Every structure is written in C-alpha cells, then in structure tokens.
Amino acid sequence: MENTIVAISTAAGNGGIGIIRLSGPKSFEIIDKIFIPKNKSKKIKGYTLKYGNIINPENNEIIDEVLVSYFINPQSYTKEDMCEINTHGGMVIERKILNICLKNGAEIAEPGEFTKRAFVNGRIDLSQAEAIIDLINSKSDKEAKESINQLQGNLSNKINEIEEMLMQIMINIEVIVDYPEYDIDEITNDEALEGLSKISNMLNNLEKSFERGKLIKDGVKTVIFGKPNAGKSSLLNKILNEDRAIVSNIEGTTRDSIEEYINLEGISLKLIDTAGIRNTDNEIEKIGVEKSRKLANEANLIIAIFDGSKKLDEDDYEIIDIIKDKTAIIVLNKIDITTNVNTKDTLTKLCKPTVEISALNGIGIDNLYDEIIKIFSLENITNDNEVIITNERHKSQIRKANQSIENAINSIRNNMPIDISSIYIKQAMEDLGEITGKNVSDDIINEIFKNFCLGK
Ligand code: GDP
C-alpha cells in the first residue's frame, strides 16, 4: 500500500495503556518526527521497543511518555513497516497522539484495515482474517479455540487439499481432451468418478460440521417452556444470578428481544428471551400452541419445567406433546413443597433427562447444569483434529462447490463428453477459492472487513 494508516487500537475509554498503531511505508518517518527516544540511537531494529516522549513537533510540547514498538516489513501484522505507540491509557492522550500522527503524514485507518492489509499482502488468507473477527467476538472457550484453529490455517489447509485433488483430476481429463487418440477414457472416467466421490464426501462432512459449528459460534439456542406458575422466571433468575453460569447480555437484532448468553464450562447457551421465557401470565393461551411449536423447532435445547408438586393438567400435556421429539430436559420444580408421585412417574416415562429442583432456593440447579453439559459437552461437539465450519459464508461456498461436483459426477455417469465435467470441476474450484479469497470480489472483501473494529 502507498499510504500509511493510523488508528487507536485499544478499546475506547480509560485503561492502563492505550495503543496507537501505524502501518505503511511512512511509519518510521512519522515516528521520527513525533517521538524523542531517551536513547538517541537512530538505528531501527524490528521487534524492539524504545522509551521516550511523544511531542507535538509544532511547539515541542510533550504529550505523553510512551513506549514505541517497531516492526520492520515483512515481519509485522500487516507485512508493512509498523509502529505501535503504547501510551498511558485515556481518550484525551490517545486522541491527541492520533491527531499528531494525522498531521504528520498518516491517514486514518478504516475498520479492519490493518487485517485487510495482512490479507492483501498475503500474510493470511480470507478465512484466517474472518477467524480473527470470530476470535475477538468469541463468547466461549470453545468458540475461541475453533477460531484459533481456523486462524492457524486448518480450514485453509483442508480447502487447499481439496483444490489440489480437483486439480489432479482436471489434469487427467485434459490429457484425454488433448490426446483423444489414446484410448484411456474408461480408466480416466472411473478414476475421475472415484476421486470426485471422495471429494464430495469430504465436502459433505464439512457442510455437516456447520450444525455443530453453529452451536459453538451462536451458542445453544435454549428456551424454557412451562405453563404459567411452573417456575420459569424463578429458574431463569436463578441461572442468571449463579456464579457458575457466566452471564453476558447481548442486544438482539430486534428491539424487543434480548438474548442472554450464559457460559457453562465452555458451552455458550443462548437463552432466548421470548414470551416463552419472561411472560408469566397465561402464557400458553397468549403465545399460542403454534408459536410454542415454532420456538421448539428452532431451539437446540428445551428446558421443560413442570410444577412437580401438582397434578399434570391439560397445559402440561400440551407441553409434553410439543417436546416429545426434541432435545429437552425435564425439570420437576418445587420439590421443596412436595413431589406428586403421579407427575414424577409420567414425566420419568418420557425417557428424557430429568432433574428435580427447587427454583426458589436453588436445590438441584447443579444437576440441571450437569445434564446440559452431558448433552452438549465439548467432546460430543468436536474432536480436535476435525475441521469445523463456523461461518455461514464458508458453508454456502462449500455447498455450491459440492453441487458442482455432483454435476460433474452426473455428467460422467451420463456419458457426456468428458470436458463437460471439467467445466463443473473448474466451477467447484472457483467456489472453494472464494473461501480462502484466491478469487473473490472486492464487494465480498469489503463486506467482510466492514465487520471489524477500528484499529484491528
Ligand atoms: P412462571 O410463571 O413459570 O414464570 O413462574 P414463576 O417463576 O413466576 O413462579 C410462580 C410462583 O411459584 C411464584 O410465586 C414463585 O415464587 C413460586 N415458585 C417458583 N419456583 C418455586 C419452587 O421451587 N418452590 C416453591 N415453593 N415455589 C416456587
């Protein structure tokens, strides 16, 4: 890149330190103008820190005492010359230094521009850049771990491996097209079919991993079901006030829905705050059975709560009917009062994990957590060597590629001229190339980097 960019890279507000980052060919020149190191040596070495003062070169006013780190291209985050100014945190100082950088030849960076440069300059590919956003936004250990795996290149490697396999098949096909006089069609067809089927399987597995990837990334969508007064609000409050479940509130996309995330031993649960969770009066009538069914269908987990001290009634049976084929945990509440033997009996026969609790005083909540962990434990979700797709864009490219592979397979099976299949194979390679960014439009690139924060 021609220009040198600058941004405040630490989060807004007062912190122990703040970092202002510069990247581009003029980084060192700008620093030279605005920074007076205590040690006057002019020599710049990569991966070193210098201690000194940032000054305003117009009047030599000292702005802050700082440490400046130096990175010489290509050994930097962006592969360009870079400096990071470590200031005493605080918006006033950070802004002042930013402005001085701007006055002395830097331009303000766009969100994600540092990472975009790392991509454009070939240090990381597009899927790795996306992993950086995911890493920053991670809500659970598992999500952070998947992002790091992707940043380390495990998805890119898999995609490159498949592309190479496709390339090999293409080469074999081209040989027949170029030398039709050799009678090698049969063998090539069989070999191509075998190779393509193998690839299709690999793509299928990747596509399937997205279901688990979504649980990791978006959290386990959890709804609490129960008729009015069963104890839904009490249970929700207990969960949200518990130390063991770390709570974070994240605004939902619509104004009237707030999603509460809790983090349970690395599993992120997204408690969907719906009428089903919060509304205490006459819920079944109010939200309607259809709505409940819809919610149940969308959820990854239903916590079905029953008043265990009472006889089951019509509304309870409605709930039992809704959850019977779903992933659900049965919660028998109010055991501090008494347990109705028939209720317990009927619920136990549903053959779902069942826990007895008192939402009022917290008895048994740990058992509920244990059941959740059993169902969604990390070991069940992934094993470490497996590549998991966590990104919708990647999944859709994999699906497209797989469709092209299927078209290629069908064209060979239907004895169409073999070069038809090579058109489909080429298409599949292009689809996969969009994941790593080998061939991807500027629009998509801009869309991806728009999601970054400033200074990253
Ligand atoms: P919701 O309508 O399902 O949200 O139920 P609430 O959480 O509002 O509870 C309804 C009533 O039952 C309230 O008066 C609660 O105090 C009471 N309650 C909830 N859980 C328990 C429990 O475990 N034991 C007892 N004794 N009362 C409970």
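The values are calculated or read from the model by the stated rules, or taken from the named source; none is laboratory data. Computed from a prediction, not measured in an experiment: that's the story for all the values here. Here the Cβ positions follow ideal geometry from the backbone for every residue, glycine too, while neighbour counts run over all protein chains shown.
Among residues that are out of contact with any Gly (no Cβ under 7 Å at 6 or more places or on another chain), acidic (Asp, Glu), outside any loop (DSSP other than H, G, I, E, B) and away from the ligand (no atom under 16 Å from the Cβ), Glu318 is not included. Checked against (1) at pLDDT below 95; (2) surrounded by 15 or more Cβ atoms within 10 Å (Cβ to Cβ); (3) not in a loop (DSSP other than H, G, I, E, B), Thr10 meets all criteria but (3). Applying the set (1) modelled with pLDDT of 85 or more; (2) among the acidic types (Asp, Glu); (3) within 16 Å of the ligand (Cβ to nearest atom) to Glu211 leaves exactly one unmet item: (3).
Please work out if Asn340 is more than 10 Å from the ligand (Cβ to nearest atom), crowded, with 18+ Cβ neighbours inside 10 Å and over 17 Å from Leu264 (Cβ atoms). Taking the combined requirement at face value, the residue satisfies it.
The rows are residues; the columns are (1) of a type outside the set (Lys, Arg); (2) without any contact (Cβ under 8 Å) to a residue 12 or more places away in the chain.
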| position | (1), (2) |
| --- | --- |
| Lys158 | no, no |
| Glu164 | yes, yes |
| Val177 | yes, no |
| Asn201 | yes, yes |
| Lys208 | no, yes |
| Leu215 | yes, no |
| Asp218 | yes, no |
| Lys227 | no, no |
| Leu235 | yes, no |
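Taken over the stretch 166-175, the residue count meeting the criterion of being buried (at least 16 other Cβ atoms within 10 Å of the Cβ) and without any contact (Cβ under 8 Å) to a residue 40 or more places away in the chain is 1. Among the residues of the stretch 268-280, are any closer than 15 Å to Ile372 by Cα, modelled with pLDDT of 95 or more and buried (at least 17 other Cβ atoms within 10 Å of the Cβ)? No - not one qualifying residue is present in the stretch 268-280. Against the conditions (1) more than 17 Å from Lys116 (Cα to Cα); (2) out of contact with any strand residue (DSSP E or B) (no Cβ under 7 Å at 6 or more places or on another chain), Asp64 satisfies every one except (2). Take Asn204 and decide whether it is of a type outside the set (Asp, Glu), over 30 Å from Ile136 (Cβ atoms) and near the ligand (Cβ under 8 Å from one of its atoms). Here the answer is no, as Asn204 does not meet what is asked.
So that you can scan it fast, the table gives a plain yes or no per residue for (1) within 30 Å of Ile267 (Cβ to Cβ); (2) without any contact (Cβ under 8 Å) to a residue 12 or more places away in the chain; (3) buried (at least 22 other Cβ atoms within 10 Å of the Cβ):
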{"position": "Thr48", "(1), (2), (3)": "no, no, no"}
{"position": "Glu65", "(1), (2), (3)": "no, no, no"}
{"position": "Asp81", "(1), (2), (3)": "no, no, yes"}
{"position": "Gly89", "(1), (2), (3)": "no, no, no"}
{"position": "Glu94", "(1), (2), (3)": "no, no, yes"}
{"position": "Ile97", "(1), (2), (3)": "no, no, yes"}
{"position": "Arg123", "(1), (2), (3)": "no, no, no"}
{"position": "Lys139", "(1), (2), (3)": "yes, no, no"}
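On the stretch given as the stretch 67-79, residues that are within 17 Å of Lys38 (Cα to Cα) and either surrounded by 19 or more Cβ atoms within 10 Å (Cβ to Cβ) or under 28 Å from the mean Cα position of the chain (by Cα) (or both) total 2. Within the stretch 49-59, does at least one residue satisfy the condition of being modelled with pLDDT under 95 and in contact with a strand residue (DSSP E or B) (Cβ under 9 Å, 6 or more places away or on another chain)? No, every residue in the stretch 49-59 fails to be modelled with pLDDT under 95 and in contact with a strand residue (DSSP E or B) (Cβ under 9 Å, 6 or more places away or on another chain). For the stretch 345-363, taking the residues that are of a type outside the set (S, T, N, Q), free of Cβ contacts under 8 Å to residues at least 60 places away in the same chain and buried (at least 18 other Cβ atoms within 10 Å of the Cβ), the one that is farthest from the ligand (Cβ to nearest atom) is identified as Lys352. Residues that are in a loop (DSSP other than H, G, I, E, B) and in contact with a Ser or Thr (Cβ under 8 Å, 6 or more places away or on another chain) within the stretch 125-153 comprise Asp125, Ser138, Lys139, Ser140, listed in sequence order. Tyr70 meets all of the listed conditions (1) in a loop (DSSP other than H, G, I, E, B); (2) touching a residue at least 40 places away in the same chain (Cβ under 8 Å) but one, namely (1).
Answer with yes or no whether Gly122 is outside any helix (DSSP H, G or I), closer than 23 Å to Leu454 by Cα and out of contact with any helix residue (DSSP H, G or I) (no Cβ under 8 Å at 6 or more places or on another chain). Don't jump to the end; show me each part of the working.
Working: outside any helix (DSSP H, G or I): yes; closer than 23 Å to Leu454 by Cα: yes; out of contact with any helix residue (DSSP H, G or I) (no Cβ under 8 Å at 6 or more places or on another chain): yes.
The answer is yes for Gly122.
Consider the stretch 214-231 and keep the residues that are of a type outside the set (Val, Ile, Thr) and away from the ligand (no atom under 15 Å from the Cβ). The one that is farthest from Glu392 (Cα to Cα) is Lys221.
For the stretch 92-102, the criterion of a residue being within 24 Å of Phe452 (Cβ to Cβ), part of a helix (DSSP H, G or I) and in contact with a Phe, Trp or Tyr (Cβ under 8 Å, 6 or more places away or on another chain) is satisfied by no position.
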